[in-house]
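The values are calculated or read from the model by the stated rules, or taken from the named source; none is laboratory data. Predicted model only: the values in this text are computed from it and were never measured. Virtual Cβ from ideal backbone geometry, glycine too; neighbours counted across all protein chains shown. Only protein heavy atoms, including side chains, enter the accessible area calculation; ligands, DNA and RNA are left aside. Shrake-Rupley method; radii C 1.70, N 1.55, O 1.52, S 1.80 Å.
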Amino acid sequence: QRRVHGDYCLMKLYYFDFPGRGEAIRLTLSHAGVPFEDVRIQFKDWLATKAKLELKQMPVLELEGGKQLTQSYAILEYLGCKYGYLPTNHDEIYRCIFIMNTIEDVFQKAIIYGSPPPVSTLDEKTKEEGMKKLIETDGKLYLNAIERKLIENVSQDFIVGRKHTIADFYLVGVFIHMMHTPKWKELFASHIASGYPLLQSYIEKRLTDFNEYYKKCDYKLYYFVTPGRAEMTRILFRHCKIPFGDIRFTPDQWMKEEKKTGKYELEQLPVLKCEPSGINYSQSDAIIQTLGLKHGLLPVNKPEKLSLIHISEPTRRYAISYAVFCLKKK
C-alpha cells in the first residue's frame, strides 16, 4: 500500500500500516512540507520485505538515488538536522534526547504488550498483565517525568524550547499509536486526561499541527497492479496533490479477495474507499465523475458540454487489462 504526499517525491518511507515508529518520521516530513511516498507494508508481506532490508527491520527511509537510512532515531536526527528541528544549545539537546528516550521506554513496552502478531508473539494473558503494570506503575513514572519537563520548559506549547523539535513529533507519534490501538486508547487516553492536565493540553495543541495531514489520508483505491480502469483516478489524485492509498492486487491475490463475501459490493474493481465515513464507491466512471465534481475538475454549470468516454474497451480482472479515458467536447 502506498500513500503519496506531495507532487514529486524524492523520498520513500517503508513501514507497517500503523503509526508505530514510523509515525514520527511521517509527521516530521509532513510538517517540513517535504513530498514523500508512504509505502505501508502489510503483515502478510513482511517476511518477503524483511529479507531485502539491511538490518531486517523498519522504518527505512529511501533517499533520492536509492540510499537507505535505517534506525528511527537516526532517521529523525537526520531529518531534524536537515529541516531545522534539532535544538541549538546543549541544554535543549539534552532535554530533547531525554524526552525521546523516556518516551521510548514506554513505547517499547507498549509495542510488546499492545501489538498483534507478528509484531508481538506474547500470549494474551501476558499482554494483559504487562499492560496493567505499565499503566499502574511504570507508566506513571515516565508520564510524571514528561509532565515535569513541560512545567520546567520556557513554553508549555512545546516539549523543548519555543518551537517544534523532533521530540514533539516523537511524542505526538507515540500518542497517535496509542490511540490507534483500541485497548491502549481506553486505558492510556483516560489516564493522561485524569492525571496529567499539562500533557493533555500540550497533546491537544500539537495534534492540530497535523489536521490537514490526517484529513488528506482519507482515500484508498483498490485495483490491479496494472494501470487499467483505475489509472485516471490515480492521475486525478496526483494532479490535485491528494494523498491516497494505492492498493494493488495481482490476479491471484484478487481471486482470494473476491471470495470474501460482502467486502466488495459488485465483486469487481476499482473500488474507492473513503475514511472515516466508510463510504465505498464502485464503477470507474462514477468514481471519476464524483471526484471530478468534488475537486473542481468537471463543469458545474453546463456539464453536457463534456463527456467521459472510453477510448479502449478493457476487461476487468486480469493483468492484461487496460483502459484509456479522456474528456471530449460535444
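Numbers below:
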read-out: Residue under evaluation Val160, criteria (1) more than 23 Å from the chain's Cα centre (by Cα); (2) at pLDDT 90 or above; (3) open to solvent by 10 Å² or more (accessible area, probe 1.4 Å), criterion not met; value: (3)
read-out: Meets criteria (basic (Lys, Arg), modelled with pLDDT under 75 and either surrounded by 16 or more Cβ atoms within 10 Å (Cβ to Cβ) or in a loop (DSSP other than H, G, I, E, B) (or both)) for Lys220; value: no
read-out: Single residue of segment 62-96 satisfying the filter (free of Cβ contacts under 8 Å to residues at least 24 places away in the same chain, part of a helix (DSSP H, G or I) and aliphatic (A, V, I, L, M)) that is nearest to Thr165 (Cα to Cα); value: Ile93
read-out: Any hit, segment 241-256, residues being at pLDDT 50 or above, β-branched (Val, Ile, Thr) and in a loop (DSSP other than H, G, I, E, B); value: yes
read-out: Whichever residue in segment 136-157 is of a type in the set (A, V, I, L, M) and surrounded by fewer than 18 Cβ atoms within 10 Å (Cβ to Cβ) and, among such residues, is farthest from Phe210 (Cα to Cα); value: Leu141
read-out: Candidate set: segment 115-130, residues that are modelled with pLDDT of 80 or more and within 22 Å of Phe16 (Cα to Cα); chosen: the one surrounded by the most Cβ atoms within 10 Å (Cβ to Cβ); value: Lys127
read-out: Exclusive hit being closer than 20 Å to Phe18 by Cβ, touching a Lys or Arg at 6+ places or on another chain (Cβ under 7 Å) and open to solvent by 60 Å² or more (accessible area, probe 1.4 Å), set Lys50, Lys44; value: Lys50
read-out: Considering residues of segment 27-39 that are open to solvent by less than 20 Å² (accessible area, probe 1.4 Å) and part of a strand (DSSP E or B) only, the residue farthest from Pro117 (Cα to Cα); value: Phe36
read-out: Among (1) within 15 Å of the chain's Cα centre (by Cα); (2) closer than 20 Å to Val174 by Cβ; (3) surrounded by fewer than 21 Cβ atoms within 10 Å (Cβ to Cβ); (4) not basic (Lys, Arg) - the single one Met11 does not satisfy; value: (2)
